[in-house]
1. Quick one: would you say residue 28 is touching a Phe, Trp or Tyr at 6+ places or on another chain (Cβ under 9 Å) and either among the small types (Gly, Ala, Ser) or assigned to a helix (DSSP H, G or I) (or both)?
2. May I ask you to list the residues in region 2-16 that are within 20 Å of residue 62 (Cα to Cα) and without any contact (Cβ under 8 Å) to a residue 24 or more places away in the chain?
3. Scan region 1-12 residue by residue and report those that are of a type outside the set (Gly, Ala, Ser) and within 16 Å of residue 54 (Cα to Cα).
4. Quick one: which residue in 56, 28 is of a type in the set (Gly, Ala, Ser) and under 11 Å from the mean Cα position of the chain (by Cα)?
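Please treat every number below as a calculation from the coordinates, not as lab data. All values reported here derive from a predicted model rather than from experimental measurement. Glycine also receives a Cβ, built like all others from the backbone with ideal geometry; neighbour counts cover every protein chain displayed.
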Amino acid sequence: GLTAGAKPVKSARVVGEILGKYHPHGDSSAYKAMVRMAQDFTLRYPLIDGIGNFGSRDGDGAAAMRYT
């Protein structure tokens, strides 16, 4: 499972699990929500430890989910 002590997994894998179990209507909304939870400038306390390009304060978008 996804726990604090588990090794990191690709965003595409997590989004695939979300689509398969909970939200079968497209991956963009699930990935955008996950990106927002990883940005330290969006939330006071990030909920996800994002590894890779999850955007910046300057308006740069996050990388595609296959890269993060």
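1. no
2. Listed by number, the residues that qualify are 9, 13, 14, 16.
3. To start, the set of residues in region 1-12 that are of a type outside the set (Gly, Ala, Ser) comprises 2-3, 7-10.
Once the filter is applied, which keeps residues that are of a type outside the set (Gly, Ala, Ser) and within 16 Å of residue 54 (Cα to Cα), region 1-12 yields 8, 9, 10.
4. When all the criteria are applied, what remains is 28.
Per-residue answers, yes or no, for (1) surrounded by 15 or more Cβ atoms within 10 Å (Cβ to Cβ); (2) assigned to a loop (DSSP other than H, G, I, E, B); (3) not hydrophobic (A, V, I, L, M, F, W, C):
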| position | (1), (2), (3) |
| --- | --- |
| 2 | no, yes, no |
| 6 | no, yes, no |
| 17 | no, no, yes |
| 23 | no, yes, yes |
| 42 | no, yes, yes |
| 46 | yes, yes, yes |
| 50 | yes, yes, yes |
| 58 | no, yes, yes |
| 61 | no, yes, yes |
